[in-house]
Amino acid sequence: MPRRLLALLAALASPLVLPAAAQGWPTTPPTLSAPGANAASPVTDVGPGGDAAFAWLRQDADGDWRVQLRVRRGSTGDLGATQTLSMAGRDATAPAVAVDGAGRAIVVWGQHDGATGDYIVLARVRDVDGTLSTFRFLSAGVGAGAATRAPAPEVAVGPSGDAVVVWQASFAGTYRVVARTITAAGSASAEWQSMSRDGVADGPLALAVDGDGTAVVAWTRADGTDTRVEARTRSVDGALGALRVLTPQGQEASTPAVAISPDGHAVVAWARENADYTSLHARFLTLVGGGSTLGPARRISLNTHDVDDDATTGWGEVGISDSGRAVFAWQEDKFCCGTEVVLRDMEAAGDLGPTDYARTTTTARQPHVAVAPTGAAVVSFTQLDETFWERIVVRTRSVSGLLGPAQVVSAFGRDAFDNDLAMNDAGLAAVTWLREDGTSEPTCCDRVQYAVGP
């Protein structure tokens, strides 16, 4: 298809009220992964001190997928060397990363054993001086029998520096959600915990940690008739709260996402399949006195468009302010073709704001959102530009809901996709993505790039 000249992206101009942070997105995005082999699954996190960690998978010379990591020091902006974290001779899957207040990066991933077919969960900790810990075999002793699907672990770190890791484990033909802690000293807890009942459905887990170190975990589980969203809290000392079923019988639910404010206002969102369309729903789970209070379920999306719940990337993401104001970003189908990126607020009392469309050209997808303590936000997504390249776009959103200009952070001339976004309380945001490499067709490889702003 012939490429037209790049047109300027039109946008609504409005200020974003964020805490002080680095100003402006780079016009030439740095490349994180080395040339010559494919990269995949980029993820990022930004610590309270401004240290940003980027992890991804890259094929080595033997064709195995290995986890790699680079850290950008917040105090200087310097980017560290690439470190390979996972084992040689084994395929790694689904990396996740979290950064604590001291600047340590905790990376977890699944690893496939080609000989046995088992999936195991591993972790390593990178200290501020770049020193890597030994392997932490988190799934050792958990479950029985060979796993039949990758565990896709999630990790989140609390204010004390202790990290919570959750994943799906096989138990004699069924699956449960299990949790383990990596302490601030870098050691894995001696005990693992089963957080769910049997029958957890294949799909992503959702995890968030509040200012007391209490974790909220959500998943989907087949009850014999329907697939329903369930959630549970886990205190900093490992005490489990009551198991909550968030969706009613007679509805198929999928792809939960969770965010939590420092004082324990959690919001859980999910996609719900109806006879005519798929919609986005959410409800608050407020942590009080060691227990939890469940708010009413609200439909977030309108009833005029399908929410596009992609089997690989999901429907989008939710963030939350210190006051408990949630911001949802999702992708929905357009009447004619393609997808939109839509934003909407929900107050802790359940009141919904208007819907806003973030894209500025015909098609946008894969949204992520990060929310500052004030309620101001940054959204990132993949957008098809007017020359038919896929580009990574970021937009700010003020507390009042006004969208700032669309800023294209990936370079022109190659498709960019699979973005991830994180932001700390000071308003420093990091976006990472994949971009096709090479200067002629066909391209050689996908490489990882990043940008820090705003």
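For this structure, a couple of remarks:
- Taken along the Cα-to-beta-carbon direction at a fixed 7 Å, the label points for Ala88 and Asp333 span 4.9 nm.
- Cα centre as origin, Lys/Arg/Asp/Glu Cβ charges: segment 57-201 dipole, Debye: 200
- Segment 194-226 versus segment 264-318: alpha-carbon centroid distance in Å: 14
- Theoretical gain in end-to-end length, Val245 to Leu294 [0.36 nm per residue, Cα-Cα removed]: 16.7 nm
- Taking every Cα-Cα distance in segment 150-221 and sorting them into 5 Å bins from zero, the calculated P(r) comes out as 3, 17, 27, 24, 16, 8, 3, 0 percent.
- Protection proxy ranking of 283-290, 71-78, 405-412 - average other beta-carbon atoms within 10 Å, highest first: 405-412, 283-290, 71-78
- Sorting Asp223, Asp210 by solvent-accessible area of protein heavy atoms yields Asp223, Asp210, largest first, with a 1.4 Å probe.
- Computed across segment 360-454, the Kirkwood radius stands at 13.8 Å (inverse of mean 1/r, all Cα pairs).
- Annotation: amide H of Thr247 within the under-5 Å range of Val229, sequence separation 5 or more or interchain, hydrogens built in the peptide plane.
- Modelled this way, with points 7 Å down the Cα-to-C-beta line, the labels at Asp263 and Phe137 are 4.6 nm from one another.
- Of the peptides 195-208, 102-115, the ranking by mean beta-carbon count within 10 Å, highest at the top, reads 102-115, 195-208.
- Between Arg149 and Ser400, the simple label model (points 7 Å from Cα in the Cβ direction) yields a spacing of 4.6 nm.
- Peptides 81-91, 40-50, 54-64 ranked from most to least packed, by the mean per-residue count of other Cβ atoms within 10 Å: 40-50, 54-64, 81-91.
- In this structure, Ser194 and Ala411 have a Cβ-Cβ separation that, at R0 = 41 Å, corresponds to a calculated FRET efficiency of about 0.35.
- From the largest down, segment 307-356 spans 37, 23, 12 angstrom on the principal axes of its Cα atoms.
- Protein accessible area in the chain, 1.4 Å probe - carbon and sulfur %: 51
- Using the 1.4 Å probe convention, the accessible area of the chain works out to 39 Å² per residue with neighbouring protein chains retained.
- As a ratio to 2.2 N^0.38 Å, the alpha-carbon radius of gyration for the chain is 0.92.
The values are calculated or read from the model by the stated rules, or taken from the named source; none is laboratory data. All of these numbers come straight from a predicted model, not from anything done at the bench. Backbone-built Cβ (ideal geometry, glycine too); neighbour counts: all protein chains shown. Side chains included, ligands, DNA and RNA excluded: accessible areas come from the protein's heavy atoms. Shrake-Rupley method; radii C 1.70, N 1.55, O 1.52, S 1.80 Å.
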